[in-house]
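First up is the structure itself, then whatever we jot down about it.
The values are calculated or read from the model by the stated rules, or taken from the named source; none is laboratory data. Since the model is a prediction, treat every value here as computed from it, not as a measurement. Neighbour counts are summed over all protein chains in view; Cβ atoms, including those assigned to glycine, are modelled from backbone coordinates with ideal geometry. Areas reflect the complete protein model, heavy atoms only, side chains present, ligands, DNA and RNA absent. Shrake-Rupley method; radii C 1.70, N 1.55, O 1.52, S 1.80 Å.
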Amino acid sequence: MSVDDMNVLLFKKIRSKSIKSIVTKKSIDYTNHGATYVVYGMDSLPIHTEWDEKIKVGDSILKPKDSLKIMIKSNSGVSVLDYEQNKEEILTTNF
């Protein structure tokens, strides 16, 4: 499967989610090529490695359905992270 095909599948799964929650855990799945996730509520979301320092446990995470942008609210401010701006890094679709 090509990078573009992987991104289409990933983006479809991410767009289907509506998120209003608190990050409860950050996790690395070593059995899945070191995939990095944020865990919130009873669900998780894969993140890009460069986002790791931008998202902390306890931050609010918001994402409207049909969007590829997540908003992270923390004590230090608000960050908007966009999956479409990081298409070169292949993320897992197993979430």
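How many residues are of a type outside the set (A, V, I, L, M), open to solvent by less than 50 Å² (accessible area, probe 1.4 Å) and touching a Lys or Arg at 6+ places or on another chain (Cβ under 8 Å) when one looks only at the range 48-73?
4
Looking for something assigned to a strand (DSSP E or B) and either under 13 Å from the mean Cα position of the chain (by Cα) or at pLDDT below 95 (or both) - is there at least one such residue anywhere in the range 7-16? Spell out how you get there, then give the answer.
Step one: of the range 7-16, the residues assigned to a strand (DSSP E or B) are none.
Checked the range 7-16: no residue is assigned to a strand (DSSP E or B) and either under 13 Å from the mean Cα position of the chain (by Cα) or at pLDDT below 95 (or both).
Please report, ordered by residue number, the strands (runs of 3 or more DSSP E) entirely within the range 40-95 with at least 3 residues that are without any contact (Cβ under 8 Å) to a residue 60 or more places away in the chain, touching a strand residue (DSSP E or B) at 6+ places or on another chain (Cβ under 7 Å) and closer than 17 Å to Lys26 by Cα. Outline the logic, then answer.
Numbers: elements: 43-47, 60-63, 69-74, 77-82.
Passing ranges, in order: 43-47, 60-63, 69-74.
Pick out the one residue from Lys26, Lys17 that is open to solvent by 20 Å² or more (accessible area, probe 1.4 Å), without any contact (Cβ under 8 Å) to a residue 60 or more places away in the chain and over 23 Å from Val3 (Cβ atoms). Give the derivation first.
On the way: Lys17 fails: over 23 Å from Val3 (Cβ atoms).
Selected residue: Lys26, the only one of Lys26, Lys17 that is open to solvent by 20 Å² or more (accessible area, probe 1.4 Å), without any contact (Cβ under 8 Å) to a residue 60 or more places away in the chain and over 23 Å from Val3 (Cβ atoms).
Leu45 fails exactly one of the following numbered conditions: (1) more than 13 Å from the chain's Cα centre (by Cα); (2) open to solvent by less than 30 Å² (accessible area, probe 1.4 Å). What is the number of that condition?
(1)
Within the range 74-95, restricting attention to residues that are at pLDDT 90 or above and among the β-branched types (Val, Ile, Thr), which residue is surrounded by the most Cβ atoms within 10 Å (Cβ to Cβ)?
Val78
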